[in-house]
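Before I ask anything, here is the structure I am working with.
The values are calculated or read from the model by the stated rules, or taken from the named source; none is laboratory data. Given the structure is predicted, the values throughout are model-derived calculations rather than measurements. Heads up, the Cβs are rebuilt from the backbone with ideal geometry, glycines too, and the neighbour counts pull from every protein chain shown. To get the accessible areas, we keep the full protein, side chains included, count just its heavy atoms, and leave off ligands, DNA and RNA. Shrake-Rupley method; radii C 1.70, N 1.55, O 1.52, S 1.80 Å.
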Amino acid sequence: MQFLERLDPETWILRVVLKPGADRDEVLGIHAGRLKISVKAPPVDGKANKALCIFLSRSLGIRKKQVWIQRGLQSRNKDLIVSGVAGTVFNALKHVQ
């Protein structure tokens, strides 16, 4: 999985391409080696970035402060750090197409 890299047993880099202003928050699949995620929030004043972190934290069952954007604050391509998550949580992502 090119979009996922383990830094230590419970810390990951998740590479995402973000589609803001969508009809709903959801994982759309893989695009150019990144996990494509849509969010309803517009790309204004960091709203889409915040919505992405909230969506991922809820989806993974972790706190919001355990997901943050490391790179790509003003780009659709983002590298996120996800901490406090065991590898088994990401097993479901292996089958995303």
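For residues in the stretch 51-70 being polar (S, T, N, Q) and out of contact with any helix residue (DSSP H, G or I) (no Cβ under 9 Å at 6 or more places or on another chain), which is surrounded by the most Cβ atoms within 10 Å (Cβ to Cβ)? Reasoning before the result, please.
If we filter the stretch 51-70 for residues that are polar (S, T, N, Q), which is where we start, we get 57, 59, 66, 70.
Pick out the ones that are also out of contact with any helix residue (DSSP H, G or I) (no Cβ under 9 Å at 6 or more places or on another chain) and you get 59, 70.
Working: SER59: 15, GLN70: 11.
The qualifying residue surrounded by the most Cβ atoms within 10 Å (Cβ to Cβ) is SER59.
Quick one: in the stretch 1-50, which of the residues that are in contact with a Lys or Arg (Cβ under 8 Å, 6 or more places away or on another chain) and among the basic types (Lys, Arg) is most open to solvent (accessible area, probe 1.4 Å)?
If we take residues in the stretch 1-50 being in contact with a Lys or Arg (Cβ under 8 Å, 6 or more places away or on another chain) and among the basic types (Lys, Arg), then ARG24 is most open to solvent (accessible area, probe 1.4 Å).
Scan LEU73, LEU80 and give me the residue that is loosely packed, with under 12 Cβ neighbours inside 10 Å, at pLDDT 95 or above and among the aliphatic types (A, V, I, L, M).
On the way: LEU80 fails: loosely packed, with under 12 Cβ neighbours inside 10 Å.
Within the list LEU73, LEU80, the selection yields LEU73.
Which ones in the stretch 1-46 are within 14 Å of the chain's Cα centre (by Cα) and among the β-branched types (Val, Ile, Thr)?
Across the stretch 1-46, the qualifying residues are THR11, ILE13, VAL16, VAL17, VAL27, ILE30, ILE37, VAL39.
Same structure, new question: Restricting the search to the stretch 14-48, which residues are farther than 19 Å from GLY61 by Cβ and touching a residue at least 60 places away in the same chain (Cβ under 8 Å)? Don't jump to the end; show me each part of the working.
Step one: list which residues in the stretch 14-48 are farther than 19 Å from GLY61 by Cβ, which gives 15, 17-24, 28-34, 36, 38, 40-48.
Once the filter is applied, which keeps residues that are farther than 19 Å from GLY61 by Cβ and touching a residue at least 60 places away in the same chain (Cβ under 8 Å), the stretch 14-48 yields ARG15, VAL17, LEU18, GLY29, ILE30.
Select, from VAL16, VAL44, VAL67, VAL27, the only residue that is among the aliphatic types (A, V, I, L, M) and in contact with a Phe, Trp or Tyr (Cβ under 8 Å, 6 or more places away or on another chain). Before the answer, list the steps.
Numbers: VAL44 fails: in contact with a Phe, Trp or Tyr (Cβ under 8 Å, 6 or more places away or on another chain); VAL67 fails: in contact with a Phe, Trp or Tyr (Cβ under 8 Å, 6 or more places away or on another chain); VAL27 fails: in contact with a Phe, Trp or Tyr (Cβ under 8 Å, 6 or more places away or on another chain).
Matching residue, one of VAL16, VAL44, VAL67, VAL27: VAL16.
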